[in-house]
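Enquirer: I have a structure I would like to understand better, so I am pasting it below and will then ask my questions one at a time.
The values are calculated or read from the model by the stated rules, or taken from the named source; none is laboratory data. Keep in mind the model is a prediction, meaning the values are calculated, not measured. A quick note on method: Cβ atoms are made from the backbone with ideal geometry, for glycine too, and the neighbour counts reach across all protein chains shown.
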Amino acid sequence: MTKKALVTGASRGIGRAIAGRLASQGYDLYLTCLHSMDALTEYAHELTEAYEVKCLPFQGDMGCAADVERLFSSAPIRSLDVLVNNAGISYIGLLQDMTPEEWDRVLSTNLTSCFLTCRLAVPLMVHAKKGRILNISSVWGAAGASTEAAYSASKGAVNSLTKALAKELAPSNIQVNALACGVIDTDMNAMHSRETMQELAAETPLGRIGTAGEVADSILYLCSEHASFITGQVLGVNGGF
Ligand code: NAD
């Protein structure tokens, strides 16, 4: 039977690259975006034509329980081999200047979204006695970044969620891992000046920032049989950062 994967936040950046790699491996896809339904629909058509896979675009807020329930019921999603929790936002600014609403938005998009998708995906995977859950985290989740307290806290929590859920689901043969990305060339970093990006590249031992395709390749590895004994890990994809 054709394998099925759900990728959240797939309209651009890392999520889009992950969707492309999974389609190239023959996965049928459920893809989500927050606003860019036209772009996501066009991309879904491209992938369908290129790889002869089914590709269903969906618009909704992955931090909102009702939207995630709508995603699973309207498709409807009846089985899932791979869940990639990629949707995320950054917030840069002093903690004291952040409003409670801004804090909630970062936490709901980056962390609560993982809970909301997992609570609906896990029963399907338990039933099948297999599954792979991949959470996209950040180096800041372990290290903490100045002016990114909420973001760092959300990704630190994603790392803990990954480890705890991996233990909970191991008896059902479901593997749960996180990818802690370093600096990756996507629109999320568009607010940084050229100089800042050059500094971040210089701080990265490999001497450059990473590409979304490189993160997607790591996802393919963790979905593959080559990673059959890996669970509960936070894998750094960071050029040595
Ligand atoms: P991006 O801004 O290019 O893409 C983010 C995607 O998430 C978009 O498709 C957007 O529509 C979607 N999204 C945002 N809020 C959403 C919501 N509430 N519901 C549904 N979808 C939503 O960013 P990116 O760089 O591709 O980031 C992808 C993931 O990688 C994020 O979790 C991010 O934290 C993580 N990450 C990125 C970097 C980096 O340097 N780019 C580093 C570490 C971790």
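Enquirer: Kindly check whether there is at least one residue in the range 141-162 that is crowded, with 17+ Cβ neighbours inside 10 Å, of a type outside the set (A, V, I, L, M) and in a strand (DSSP E or B).
Expert: No: the range 141-162 contains no residue that is crowded, with 17+ Cβ neighbours inside 10 Å, of a type outside the set (A, V, I, L, M) and in a strand (DSSP E or B).
Enquirer: Next up: Considering only residues that are outside any loop (DSSP other than H, G, I, E, B) and farther than 13 Å from LEU31 by Cα, look in the range 64-73 and name the one that is farthest from the ligand (Cβ to nearest atom).
Expert: The selected residue is SER73.
Enquirer: Consider only pairs whose beta carbons are under 7 Å apart and that are at least six residues apart or on different chains; among these, list those whose first residue lies in the range 124-150 and is without any contact (Cβ under 8 Å) to a residue 40 or more places away in the chain and of a type in the set (Ser, Thr, Tyr) and whose second residue is assigned to a helix (DSSP H, G or I) and buried (at least 19 other Cβ atoms within 10 Å of the Cβ).
Expert: That search, which allows pairs on different chains as well, returns nothing.
Enquirer: Name the single residue, out of those in the range 23-43 being small (Gly, Ala, Ser) and away from the ligand (no atom under 13 Å from the Cβ), that is surrounded by the fewest Cβ atoms within 10 Å (Cβ to Cβ).
Expert: Among residues in the range 23-43 that are small (Gly, Ala, Ser) and away from the ligand (no atom under 13 Å from the Cβ), the one surrounded by the fewest Cβ atoms within 10 Å (Cβ to Cβ) is GLY26.
Enquirer: Which condition breaks for GLY20 when tested against (1) farther than 25 Å from ARG119 by Cα; (2) more than 16 Å from the ligand (Cβ to nearest atom)?
Expert: Of the numbered conditions (1) farther than 25 Å from ARG119 by Cα; (2) more than 16 Å from the ligand (Cβ to nearest atom), the odd one out for GLY20 is (2).
Enquirer: Within the range 183-201, take every residue that is in a helix (DSSP H, G or I) and surrounded by 11 or more Cβ atoms within 10 Å (Cβ to Cβ) and give me the one that is nearest to the chain's Cα centre (by Cα).
Expert: MET188
Enquirer: Out of all the residues in the range 82-105, is one or more assigned to a helix (DSSP H, G or I), within 14 Å of the ligand (Cβ to nearest atom), modelled with pLDDT of 95 or more and buried (at least 23 other Cβ atoms within 10 Å of the Cβ)?
Expert: There is no residue in the range 82-105 that is assigned to a helix (DSSP H, G or I), within 14 Å of the ligand (Cβ to nearest atom), modelled with pLDDT of 95 or more and buried (at least 23 other Cβ atoms within 10 Å of the Cβ).
Enquirer: Among the residues in the range 203-217, are any at negative phi, more than 10 Å from the ligand (Cβ to nearest atom), at pLDDT below 95 and assigned to a loop (DSSP other than H, G, I, E, B)?
Expert: Checked the range 203-217: no residue is at negative phi, more than 10 Å from the ligand (Cβ to nearest atom), at pLDDT below 95 and assigned to a loop (DSSP other than H, G, I, E, B).
Enquirer: Here is a follow-up. Do you know which residues across the range 124-140 are more than 15 Å from the chain's Cα centre (by Cα) and surrounded by 23 or more Cβ atoms within 10 Å (Cβ to Cβ)?
Expert: Answer for the range 124-140, where residues must be more than 15 Å from the chain's Cα centre (by Cα) and surrounded by 23 or more Cβ atoms within 10 Å (Cβ to Cβ): just MET125.
Enquirer: Only one of these is outside any loop (DSSP other than H, G, I, E, B), buried (at least 20 other Cβ atoms within 10 Å of the Cβ) and at pLDDT 95 or above: ALA180, ALA170. Name it.
Expert: ALA180
Enquirer: Checking the condition without any contact (Cβ under 8 Å) to a residue 60 or more places away in the chain and touching a strand residue (DSSP E or B) at 6+ places or on another chain (Cβ under 8 Å), which residue from GLU214, GLU203, GLU199, GLU225 passes?
Expert: GLU214
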